[in-house]
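Undergrad: The structure follows.
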Amino acid sequence: AGPVEELLADLRTYLARERGLVAGTIRNYERAGRVFLEDRVERVGGLELQRLAAGDVTWFLARECPRRSVSGAMDLAANLRALLRHLHVAGLIDAPLVWAVPKVADLRGRSLPKGVERDAVTAMLAACDRERLIGRRDLAVLLLLTRLGLRTGEVAAIELDDVDWRAGELLVHGKGHRQDGMPLPVDVGEAIVSYLRVRPSSEHRVLFLCVLAPFGPITSSGVANVVRYACRRAGVPEVGPHRLRHTAATERLRARVSLEEIAQVLRHRQLVSTAHYARVDRDSLRPLALPWPGGRS
C-alpha cells in the first residue's frame, strides 16, 4: 500500500460514487493522478499535501504536456483537475487549486476528420483468416468499428446478452453509463455468428475474448491491437481504432445521410460534435463559399 495507493483508492471511490464515472474513465483519472503524486513524492520526499501550491501544479504540467499530443495534454489537465478537486473536498489541501490548471490550446479542430480509404478497409477485412479463431474474432471487431462506429471500450463491453437476434439489435454500453439500442447490420451479425461458433468456452459473459488461454475478456487496448495487426496483415498504413469511427461517419456523409442521422449512429449527445464532419463534404460546401474580391466568381 502506501500513502499514494491509499489516496488513489479514495479517488476511485469519489469518482465512482460522487461523479458516477465508469471503470474505464476512472482508470484514466487514476493513471494521471498516479503520475502527479509519485512525481511529487520523488521530488519532495513525500506527499506533503499541506505544502502543495499552484506553482507545483503548473510546473508539473509545463513538463508533462510537451511530451504528449494535444488530446493527451488536454486529458492530463482534465484528470488533474479531478484529483485537485477531490483533494480540496476531502480537506487535504486548503485552496481549491483547480484554477491553477491552465487550459490547453485545442488545435484539433483545424484539421479535417480523417477516415480510412475504402480500399484500405476492404483490405483489412479481407486479411482476416476466417478459418481461424483469431481471424473470425478480428473480422467481427473490425465490422463493429467500421459499420457502427463503436468506440474500443464499447466493443470490449459487449456481452452475449446484448445481442437481440430476434429484433436484430445490439445494446451498446456507451459513455456515462449510457445504453443505446442499435440496428445490427446483416454482415456484422453474420460475422458475430461465425465467431460464436468457435468462441472458446468461458465463464465470462463478454462477447469477445482473448485468443490465448485462459481466454479472458478482451480490453480496449486489445481492440486497438486488433486494428493495428489488421493494418499490418493488409499492408496498409497503421491507423488507430478511432479512425475507423471517423470512417463510419464520413462514409455516411458521402452517401448523403443527414447529420442528425449520423449523430444517432455515433450517439453524440450534441449535434455540434457531429457537425465537425460537415467540413469533409467539400462538394456541398463549395457553393456556399463567396467569390474572392476582385476574382472571378
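The values are calculated or read from the model by the stated rules, or taken from the named source; none is laboratory data. Owing to the predicted nature of the structure, the values given are computational and were not obtained by experimental measurement. Note that each Cβ is placed from the backbone with ideal geometry, even for glycine, and that neighbours are counted across all protein chains shown. These accessible areas exclude ligands, DNA and RNA; they are computed on the full protein's heavy atoms, side chains included. Shrake-Rupley method; radii C 1.70, N 1.55, O 1.52, S 1.80 Å.
Undergrad: I'd like the carbon and sulfur percentage of the solvent accessible area for the range 2-71, probe radius 1.4 Å, heavy atoms only, ligands and nucleic acids excluded. Numbers along the way, then the final one.
TA: Working: 1830 of 3910 Å².
Answer for the range 2-71 is 47 percent, counting heavy atoms of protein chains only.
Undergrad: Please arrange ASP161, ASP75, ASP129, ASP39 by accessible surface area, largest first, computed with a 1.4 Å probe and ligands excluded.
TA: ASP161, ASP75, ASP129, ASP39
Undergrad: Considering amide H positions built from the backbone, and no H for Pro or chain starts, which residues 5 or more places from LEU209, or on another chain, come under 5 Å of its amide H?
TA: ILE218
Undergrad: If you take every residue apart from VAL101 with its C-beta less than 13 Å away from the C-beta of VAL101, what net charge results, scoring Lys and Arg +1 and Asp and Glu -1? Spell out each step's value before the answer.
TA: Values: positive: ARG81, ARG85, LYS103; negative: ASP56, GLU64, ASP75.
Local charge sum for VAL101: 0.
Undergrad: For the range 1-142, what does the alpha-carbon gyration tensor say about shape, rounded, prolate or oblate, given a ≥ b ≥ c as the root eigenvalues, a/c under 1.5 as rounded, and a/b over b/c as prolate? It would help to have the intermediate numbers written out before the result.
TA: On the way: a/c = 2.81, a/b = 1.93, b/c = 1.46.
It is prolate, given that a/c is not under 1.5 and a/b is the larger ratio.
Undergrad: Separate question: Just to make sure I understand: if all protein chains stay in place, what is the order of LYS103, LYS175 by accessible area at 1.4 Å, largest first?
TA: Descending order: LYS103, LYS175.
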